[in-house]
Amino acid sequence: WDNADFSRGVGTTFYQEFSTLNTAKPLFVRDVEAKVRRYLRSSYSAAWTLKITWEKAPVYAARTDTRKTITYQAVLTTDGFRSYILMLYQDGGMQWDYTRLTSTNVLIGYT
């Protein structure tokens with residue numbers, strides 16, 4: 001969730017919401033449930049899931065370099081009691097050159 005810069009018309013952001021409390025669950029939501037169960041070793045049944053995708057996002061400030069882009073997603077999901085987030089990056093991880101960022105104390109993930 002860094003400062004992506006879409007001001008030069010490169011890249012896009014979109015989202016998709018899945019409300020699955022009393023409906024059939026799409027394959028994507030079933031996959032999210034399986035990941036939560038596998039990684040956290042707990043039973044989990046999603047009531048709501050939000051997928052946000054940053055596609056071909058250039059690093060801030062794009063005026064310096066729009067060639068190195070990254071596609072990544074954040075998936076927020078809840079069963080109404082517990083909430084989880086999955087952060088997914090394209091193969092190869094973060095492609096931005098961290099040495100050219102304003103701040104170089106960066107990490108992928110959260111603390």
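Here are some notes:
- Test: residue in segment 25-35 that is among the small types (G, A, S), surrounded by 14 or more Cβ atoms within 10 Å (Cβ to Cβ) and modelled with pLDDT of 90 or more: no
- Selected residue [among the aliphatic types (A, V, I, L, M) and surrounded by 15 or more Cβ atoms within 10 Å (Cβ to Cβ)] from L86, L40, L21: L86
- Flag for A4 being at pLDDT 90 or above and open to solvent by less than 70 Å² (accessible area, probe 1.4 Å): no
The values are calculated or read from the model by the stated rules, or taken from the named source; none is laboratory data. Computed from a predicted model, the values in this text were never measured in an experiment. Every residue, glycine as well, gets a Cβ built from its backbone with ideal geometry; the counts of neighbours run over all protein chains shown. For accessibility, only protein heavy atoms count, side chains too; no ligands or nucleic acids. Shrake-Rupley method; radii C 1.70, N 1.55, O 1.52, S 1.80 Å.
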